[in-house]
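Encoded as structure tokens, the structure appears first; notes follow it.
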Amino acid sequence: MKVQQFLEHHGIASNPFADEDAQTDLVFKAGCIRSAHHPTWDKVYGNPAEPATTVVFGEKGSGKTAMGLQIVHHLTDHNADHPNAQVFVVAYDDFNPFLDRFRERFSGRRRRRVGRLLEEWRLWDHMDAMLSLAVTQLVDRLLEVKQARHPAARDEPLPADALDAGQRRDVMLLAACYDRSTSENPVDRWHALRRRLAFPIWQSKWDLAVGGLVTLGVLVLIAATGGWQWLLRPWPYLAVAAGWAPRLWRLMKAHWLAWKLVRHTRVLNHNTLFLRKILTHWTAGQLVGQPLPSEQRSDDRYELLGKLQSVLRALQFGGIVVLIDRVDEPYLINGSTELMRALVWPMLDNKLLKHPGVGIKLLLPSELERLIDRQDRQFHQRARLDKQNLIRSLDWTGQSLYDVAAARVRACAAEGASPALTALFEPAVDRRRLMEAFEALRVPRNLFKFMYRLFTTHCNAHTDESPEWQISGETFQSVLTVYRRDQDAFDRGVGAG
């Protein structure tokens, strides 16, 4: 007997429990993303009009990634309904590129030992990564890059005409420091943005004009007086060198600043030559007093974040939401609790987490929650987790898991059918028994694995000629017992799950 045959008999078009990863789960995305929420959803999502930070801890399979997808989906709807008060969403969930670039800055034993390497990771490294993701998205959307896809972004072009002269300068400054698109040469992309914003750079060419005019003047003087013998004397060359001295001085200053930016933005893949070319298009007056990430400190990053917020407000964004997930997945971390702690702890800073207009949604593994109470007073004073909408455990009751299973069955209903979860079982397996069993499974991923195994076991026990359309209580209990044993082995770290 085939599983699909069994499901179609009950009016179910596809297996509701075939997928376990929310990122590839079409049933969740198509039929459950709006309706199947965890009981703490309202606290996690908050109010888009005033984004707030939430720190969530949950075990593997408890739905952290699904919750992140739901946040993006609901913010997409919010942005469509409130075009003048949108939320700018930044997905900070792929740490591998940033960790790779950070690792390249070190050598020798420290580079080989990941634990010692991550001891050097600081708050400003996280801020550089977030600003890089946000600015790259902003530039993509200003340039209307078609192949770029960003969370909760509307198709309409951004109203660049709403930016004043100071904000256009800020966009160009942020792009110079943080635009990390790999689609084209960074200098070409910066100039494309300059043309899009009509940002003038002619004032920065004064040193080229001086050098050219002095050189031309010397040549005209020699030609007009017929003093070609002067070319054998040093003064024409000294005059030309003096004319080009301002340009040389500016190139040296730009190269020094570019080198400092490359050195102190440790998670970004800057190129000193390209960055120097961009910096030479600024006059000294345009850069004086402007914050730049040229030191290892967070103050400049907060000022640059403020500039980004000012630009976004002019572009009709009321706030920023940063989604942080999958901190256990980078290949350098590889699920290690201590390495996750070294990566995440610098981010737990109240100044960042409570920054006005920014809501950071940290979806963290439960292993880190167990370390919180062991931290010293200094950590707790800096993090102030009591002010961050802390959810210590993403628990699921048997009732809530039953609702998830029933919602998935309905989402997979064939046209005109109204399947019910209890109809798949004999009367002995009633709703109360299902809830008790689901309570022991703890998280949605275990529920999906169990139900998939249950369907397979039931169908394998019957033939196409003698089908059985309801799962017996004996089959239900035997599969549950075996699955619980495998689940316990996985929890102890001796099973594949």
- prompt: Residues L339, L394, L363: which one is in a strand (DSSP E or B) and either in contact with a Gly (Cβ under 9 Å, 6 or more places away or on another chain) or loosely packed, with under 15 Cβ neighbours inside 10 Å (or both)?
  reply: L363
- request: Would you check if A153 is hydrophobic (A, V, I, L, M, F, W, C), in contact with a strand residue (DSSP E or B) (Cβ under 8 Å, 6 or more places away or on another chain) and in a loop (DSSP other than H, G, I, E, B)?
  value: yes
message: So, R485, is that one in the same structural domain as R432 (by TED's automatic domain parsing), farther than 19 Å from V429 by Cα and in a helix (DSSP H, G or I) or not?
response: yes
- request: Give me the pairs, please: first residue somewhere in segment 45-60 and touching a residue at least 40 places away in the same chain (Cβ under 8 Å), second residue anywhere and surrounded by fewer than 22 Cβ atoms within 10 Å (Cβ to Cβ) and acidic (D, E), beta-carbon distance under 6 Å, and either six or more positions apart or on two chains.
  value: F57/E369
task: Determine, yes or no, whether R326 is part of a loop (DSSP other than H, G, I, E, B) and surrounded by fewer than 16 Cβ atoms within 10 Å (Cβ to Cβ).
output: no
message: Step by step: first the residues of segment 156-170, then only those that are in a loop (DSSP other than H, G, I, E, B) and over 25 Å from the mean Cα position of the chain (by Cα), then the one that is farthest from Q286 (Cα to Cα). Which residue is that?
response: L163
- request: Out of F106, F88, report the one residue that is over 18 Å from L308 (Cα atoms) and touching a helix residue (DSSP H, G or I) at 6+ places or on another chain (Cβ under 8 Å).
  value: F106
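Rundown of residues vs (1) in a helix (DSSP H, G or I); (2) outside the structural domain of L117 (by TED's automatic domain parsing); (3) of a type in the set (S, T, N, Q), yes/no style:
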site: T182; (1), (2), (3): no, no, yes
site: G212; (1), (2), (3): yes, yes, no
site: T215; (1), (2), (3): yes, yes, yes
site: W249; (1), (2), (3): yes, yes, no
site: K253; (1), (2), (3): yes, yes, no
- request: Please enumerate the residues belonging to segment 151-208 that are crowded, with 19+ Cβ neighbours inside 10 Å, under 20 Å from L275 (Cβ atoms) and of a type in the set (G, A, S).
  value: A175, A176
- line: The lone condition Q4 fails out of (1) loosely packed, with under 15 Cβ neighbours inside 10 Å; (2) within 21 Å of L323 (Cα to Cα); (3) over 20 Å from the mean Cα position of the chain (by Cα) is (2)
- request: Being aromatic (F, W, Y), buried (at least 20 other Cβ atoms within 10 Å of the Cβ), closer than 27 Å to K60 by Cα and more than 37 Å from the chain's Cα centre (by Cα) narrows it down to one of F476, F425, F448, so name that one.
  value: F476
field: Criterion (in a helix (DSSP H, G or I), within 19 Å of V358 (Cβ to Cβ) and without any contact (Cβ under 8 Å) to a residue 60 or more places away in the chain) met by exactly one of G306, G285
entry: G306
query: Quick check, is T456 under 27 Å from D25 (Cα atoms), touching a residue at least 40 places away in the same chain (Cβ under 8 Å), in a helix (DSSP H, G or I) and hydroxyl-bearing (S, T, Y)?
result: yes
- prompt: Under the condition of being crowded, with 21+ Cβ neighbours inside 10 Å and of a type outside the set (A, V, I, L, M, F, W, C), which residue from segment 26-44 is farthest from Q86 (Cα to Cα)?
  reply: H38
- request: Look through segment 409-453, keep the residues that are of a type in the set (D, E, K, R), part of a loop (DSSP other than H, G, I, E, B) and out of contact with any Asp or Glu (no Cβ under 9 Å at 6 or more places or on another chain), and return whichever of them is nearest to V3 (Cα to Cα).
  value: E426
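The values are calculated or read from the model by the stated rules, or taken from the named source; none is laboratory data. All of these numbers come straight from a predicted model, not from anything done at the bench. Reconstructed Cβ throughout: ideal geometry from the backbone, glycine too, with neighbour counts over all protein chains shown.
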